[in-house]
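**Student:** Sharing a structure with you now.
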Amino acid sequence: MRYLAGVPYLIVLPTHTHSTLGSQVARSFILVFFNEIFDGLCKLSADPDPHVKSGAQLLDKLIKDIVTESSSFDIEKFIPLLRERIYVINPFVRQFLISWIHVLNNVPDLDILEFLPQVSIYLSCS
């Protein structure tokens, strides 16, 4: 088992350049561990090492692609983690969080605006 920021991870790469059913299943399966992966990426976004940040940004882009292409992303499960992370004062983490809010706001099947009042209360208090 490999670990990323203390979180176990498994990366499954497709064997073909075209999307296959197997790679789609693997991409959807990763959503089961979304909160753990997001937590690790959140921590890595504050890392001072540029190589770590670069790797984290690549993984972040991949996870954003998976979330935006999936119909099984559980926004209700994610919002409590987002609310918890809002308290972080590191500007890189804040930028990371805002980028996720922006991405989720652009997903037609997700209604993040319904949840933003819960999150924005914490932004205005900090």
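**Student:** Is it true that residue 54 is loosely packed, with under 15 Cβ neighbours inside 10 Å, assigned to a loop (DSSP other than H, G, I, E, B) and among the hydroxyl-bearing types (Ser, Thr, Tyr)?
**Tutor:** Working: loosely packed, with under 15 Cβ neighbours inside 10 Å: yes; assigned to a loop (DSSP other than H, G, I, E, B): no; among the hydroxyl-bearing types (Ser, Thr, Tyr): yes.
When the stated conditions are applied, residue 54 does not pass them.
**Student:** Would you confirm whether or not segment 29-44 contains a residue that is under 15 Å from residue 98 (Cα atoms), of a type in the set (D, E, K, R) and in a helix (DSSP H, G or I)? Give the derivation first.
**Tutor:** Applying the first criterion (under 15 Å from residue 98 (Cα atoms)) to segment 29-44 yields 38-39, 41-43.
Retained after the next criterion (residues that are of a type in the set (D, E, K, R)): 39, 43.
From what is left, the residues that are in a helix (DSSP H, G or I) are 39, 43.
For segment 29-44, residues under 15 Å from residue 98 (Cα atoms), of a type in the set (D, E, K, R) and in a helix (DSSP H, G or I): present.
**Student:** Take residue 71 and decide whether it is modelled with pLDDT of 90 or more, of a type in the set (Ser, Thr, Tyr) and within 23 Å of residue 116 (Cα to Cα). Even if it seems obvious, please write down each step before you answer.
**Tutor:** Numbers: modelled with pLDDT of 90 or more: no; of a type in the set (Ser, Thr, Tyr): yes; within 23 Å of residue 116 (Cα to Cα): yes.
Answer is no for this residue.
**Student:** Name the residue that is nearest to residue 83 (Cα to Cα), counting only residues in segment 24-51 that are surrounded by 16 or more Cβ atoms within 10 Å (Cβ to Cβ) and among the β-branched types (Val, Ile, Thr).
**Tutor:** 37
**Student:** Say whether the condition of being under 27 Å from residue 88 (Cβ atoms), surrounded by 14 or more Cβ atoms within 10 Å (Cβ to Cβ), modelled with pLDDT of 55 or more and not hydroxyl-bearing (Ser, Thr, Tyr) is met by at least one residue in segment 4-18. Break it down into steps so the answer makes sense when it comes.
**Tutor:** Restricting attention to segment 4-18, the residues satisfying the condition of being under 27 Å from residue 88 (Cβ atoms) are 4-11.
Filter again for surrounded by 14 or more Cβ atoms within 10 Å (Cβ to Cβ), leaving 4-5, 7, 9.
Filter once more, keeping what is modelled with pLDDT of 55 or more: 4-5.
Okay, now just the ones that are also not hydroxyl-bearing (Ser, Thr, Tyr), so 4-5.
Checked segment 4-18: at least one residue is under 27 Å from residue 88 (Cβ atoms), surrounded by 14 or more Cβ atoms within 10 Å (Cβ to Cβ), modelled with pLDDT of 55 or more and not hydroxyl-bearing (Ser, Thr, Tyr).
**Student:** For segment 63-110, name all the residues that are crowded, with 16+ Cβ neighbours inside 10 Å and without any contact (Cβ under 8 Å) to a residue 12 or more places away in the chain.
**Tutor:** Listed by number, the list holds a single entry, 94.
The values are calculated or read from the model by the stated rules, or taken from the named source; none is laboratory data. Bear in mind that the values here come from a model prediction, so they are computed numbers and not experimental data. Because the Cβ atoms are built from the backbone with ideal geometry, glycine has one as well, and the counts that use them run over all protein chains shown.
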